[in-house]
Amino acid sequence: GDGPVISLHFTVNQADTASHPIRIISYSTFQADYEPELTTMAGNYLPFTFDGAIGSTSCCVGSYVGNMDGIPGLADMGDMTILIDMLFISLNSIDCLEEADTDQSGFPSPVESDINMGDLTILIDNLFISLSPLPACP
């Protein structure tokens with residue numbers, strides 16, 4: 001097959017908007033040389049590796065939860081459209097999970113599975129029913 005064989009998960013400070021390189025490389029010590037090597041039932045092999053980077057945009061800073069479209073201001077129909085698209089249509093990920101987690105079920109660090117019907121319910125309530133304000137971003 002093909003595709004990723006390893007996933008790396010990092011935590012980056014939200015205020016850090018720099019890009020940080022990630023490289024998987026060989027290295028040597030006084031005792032031995034080490035190559036990025038994978039072990040399979042068929043034997044060991046050296047995989048093709050490529051450089052990556054990790055960074056953070058300062059999402060959900062000085063804003064309110066529910067504001068998912070990146071347009072300054074309070075949540076509106078555009079934000080609700082993005083959430084409905086994510087949950088039911090394209091299933092595409094949302095860039096800033098902290099903003100999408102309107103019910104704050106994943107506070108302080110939501111994951112994609114924390115974005116669900118509860119968040120849509122809170123957003124609909126805010127926009128059409130109680131008009132109650134959404135909380136500030138964590």
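The values are calculated or read from the model by the stated rules, or taken from the named source; none is laboratory data. Source: prediction; values computed, not measured. All accessible areas refer to the heavy atoms of the entire protein, side chains included, with ligands and DNA or RNA removed. Shrake-Rupley method; radii C 1.70, N 1.55, O 1.52, S 1.80 Å.
Accessible area per residue, 1.4 Å probe, Å², for the stretch 67-138: what's the number? Display every interim value, and only then the final one.
Details: 4040 Å² over 72 residues.
Ligands and nucleic acids excluded, the figure is 56 Å² per residue.
Based on alpha-carbon atoms only, what is the radius of gyration of the stretch 33-138 relative to the globular estimate 2.2 N^0.38 Å? Before the final figure, lay out each step's value.
On the way: Rg = 19.2 Å, N = 106, 2.2 N^0.38 = 12.9 Å.
Normalised Rg, Cα atoms only: 1.49.
Considering amide H positions built from the backbone, and no H for Pro or chain starts, which residues 5 or more places from Y64, or on another chain, come under 5 Å of its amide H?
Amide H to amide H, under 5 Å and 5 or more residues apart or across chains, Y64 pairs with C137.
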